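Would you mind keeping the following structure in view while I ask a few things?
The values are calculated or read from the model by the stated rules, or taken from the named source; none is laboratory data. Fair warning: this is a prediction, and the values are worked out from it, not measured in the lab. With ideal geometry, Cβ positions are generated from the backbone for all residues, glycine too; neighbour counts draw on all protein chains shown.
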Amino acid sequence: MIMLTIPKSTKDIVKEVLRNVYDKVRPSYFSIFNSRKFTVTIHNNYSGFFAQLNWCLYIFSFCEDKGLIPDIYLTGDNYLAPELGENWFQYFFEVPELVGDKNIYRNSQNKLIKSITITHILQLLLPSEHFDKMTVLYASNLMKKYMHINQHIQTKVNTYFQKYFQSKFVLGIHYRGTDKIVESPRVSWEYVKKVVNNYLKKHPKVDCLFVASDEGDFIDYIKNEFQCIPVFNHEDQLKAINNQAFHHINLGRDNFKKGEEALINALLLSRCNVLIRTSSFLSGWASIFNPDLPIILLNSPNKDTLWFPDKELISKSMNQYLIE
C-alpha cells in the first residue's frame, strides 16, 4: 500500500516558521533591552514551592545558553510574607554575583528595568530544548551557580544533621499525601511499612529513620510501627489540616515558615543515605540537592503529570526493594 504525504501549503509553512521564530525570540527581547539581565516575575498562587523552583531551573537553563543573567521574582501569595519583601525567592536563596551583574538593575533614566510577568512557565515560551534537556545533574549544577541557599537555613540543616545524622546510616522516608492523588496513585501507609521493613531486613546496619510528610498522622504512624529503631522528624510548626493541600493555604505571616520548613525537610532528606519516597516535587528536589542519593520510588505519577525530576528518577529507583 502506497502512503501519500499531503504537502503543506505555503501559508502553513510560513505560519510554522513564524511561530518557531516567535518562540525563540520572545524570551530574548527583554534581555536585549536590559543589558543582558533577564528579569522574570512569576505570580502564581497555586503551584507549590518546588514546582515553582522547577520553573526557575528552566529560566536558568535559558540564561546559561544565551549568556544572560537571571533575575527572578516569585511573588505568589503561597509563600509571601509582606514584612520580608515582595520576592519570596530571596527569603530562601541568595543570588551569587555573576560576571557583568553590576549596575544593570536600572537603566539610564533610573527606572526599573523591563520585566516580563507570568503566572505559569509555559507563558514564557522558552524553547522546548530547555525542558527536554533538564536532568538531575544539570539541575544541580544550575542551582549551584544561580541560587545559593540562605545561610540561616543552611545553619539549621547543619545543626540538625550534626545532632541526629552524624556518623549514622539514615534511611529517609518521605510520604506526599493530601491532594497528591490527582497526580499519582495514593500509596497506603501499610505498603510503606512493608517496603521499609524489607529494606531493614536486608540492611540491618541502618541506625535510624528520618521521616517527613505533609500528613502529620503518617509521621506518628511510622514512629508507632518502628519502635525498634530511632525515628526522627523535623519538628515542623505548621501542619496540613483535613488533608487540604498545604501549599494552597495562605498563612499570612507564616507563609515564610511554610516555605522554610519545606526547604529544610528536602535538604535533610537529601542528606540521608537512602531515601524511600512517593512521587513529589519536594523529595524529587532532594535528588537535585544530592544527585548521588539512592532512592526507592513507591509510585509513579500519572502519564499526563509525569514531570521532571520524577520523569528521570523513575529509572533510577531501586525497585528490588519493592513488595509485590
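Please count how many residues of region 32-88 are closer than 26 Å to LEU137 by Cβ and among the polar types (S, T, N, Q).
4
Would you be able to tell me the number of residues in region 139-180 that are outside any loop (DSSP other than H, G, I, E, B), among the hydrophobic types (A, V, I, L, M, F, W, C) and more than 18 Å from the chain's Cα centre (by Cα)? Before you say what the answer is, go through the steps one by one.
Start the filter on region 139-180 by keeping residues that are outside any loop (DSSP other than H, G, I, E, B), which leaves 139-146, 148-149, 151-165, 170-175, 178-180.
In the following step, the residues that additionally are among the hydrophobic types (A, V, I, L, M, F, W, C) were identified as 139, 142-143, 149, 153, 157, 161, 165, 170-171, 173.
If we keep only those that are more than 18 Å from the chain's Cα centre (by Cα) as well, we get 161, 165, 170-171.
Number satisfying all stated conditions: 4.
Limited to region 210-230, what total is found for residues that are crowded, with 17+ Cβ neighbours inside 10 Å and under 30 Å from ASN78 (Cα atoms)?
10
Can you tell me which of (1) within 20 Å of SER283 (Cβ to Cβ); (2) modelled with pLDDT under 95 is the one GLY172 doesn't meet?
Among (1) within 20 Å of SER283 (Cβ to Cβ); (2) modelled with pLDDT under 95, GLY172 violates only (2).
Related question: Looking only at region 192-209, which residues are of a type outside the set (Lys, Arg) and surrounded by 15 or more Cβ atoms within 10 Å (Cβ to Cβ)?
The answer is VAL192, VAL195, VAL196, ASN198, TYR199, LEU200, VAL206, CYS208, LEU209.
Each row is one residue, and each column tells you yes or no for (1) in contact with a Leu (Cβ under 7 Å, 6 or more places away or on another chain); (2) under 14 Å from VAL192 (Cα atoms).
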| residue | (1), (2) |
| --- | --- |
| ARG277 | yes, yes |
| GLY284 | yes, no |
| LEU298 | no, yes |
| PHE308 | no, no |
| TYR321 | no, yes |
| GLU324 | no, yes |
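Tell me, yes or no, whether region 175-185 has at least one residue that is aliphatic (A, V, I, L, M) and at pLDDT 95 or above.
No.
Of all residues in region 215-237, how many are out of contact with any Asp or Glu (no Cβ under 6 Å at 6 or more places or on another chain), within 14 Å of ILE264 (Cβ to Cβ) and free of Cβ contacts under 8 Å to residues at least 60 places away in the same chain?
Summing the residues that are out of contact with any Asp or Glu (no Cβ under 6 Å at 6 or more places or on another chain), within 14 Å of ILE264 (Cβ to Cβ) and free of Cβ contacts under 8 Å to residues at least 60 places away in the same chain in region 215-237 gives 3.
Tell me whether region 39-58 contains one or more residues that are at pLDDT below 90, more than 18 Å from PHE289 (Cα to Cα) and not in a loop (DSSP other than H, G, I, E, B).
no
Could you please give the count of residues in region 291-311 that are in contact (Cβ under 8 Å) with a residue 40 or more places away in the chain and either assigned to a loop (DSSP other than H, G, I, E, B) or farther than 15 Å from PHE50 by Cβ (or both)?
10
Filter region 270-324 for residues that are among the acidic types (Asp, Glu) and farther than 16 Å from LEU171 by Cα; which is surrounded by the most Cβ atoms within 10 Å (Cβ to Cβ)? Full working, then the answer.
Of the residues in region 270-324, the ones among the acidic types (Asp, Glu) are 292, 304, 310, 312, 324.
From what is left, the residues that are farther than 16 Å from LEU171 by Cα are 304, 310, 312, 324.
Numbers: ASP304: 7, ASP310: 25, GLU312: 15, GLU324: 2.
Once the filter is applied, the top-ranked residue is ASP310.
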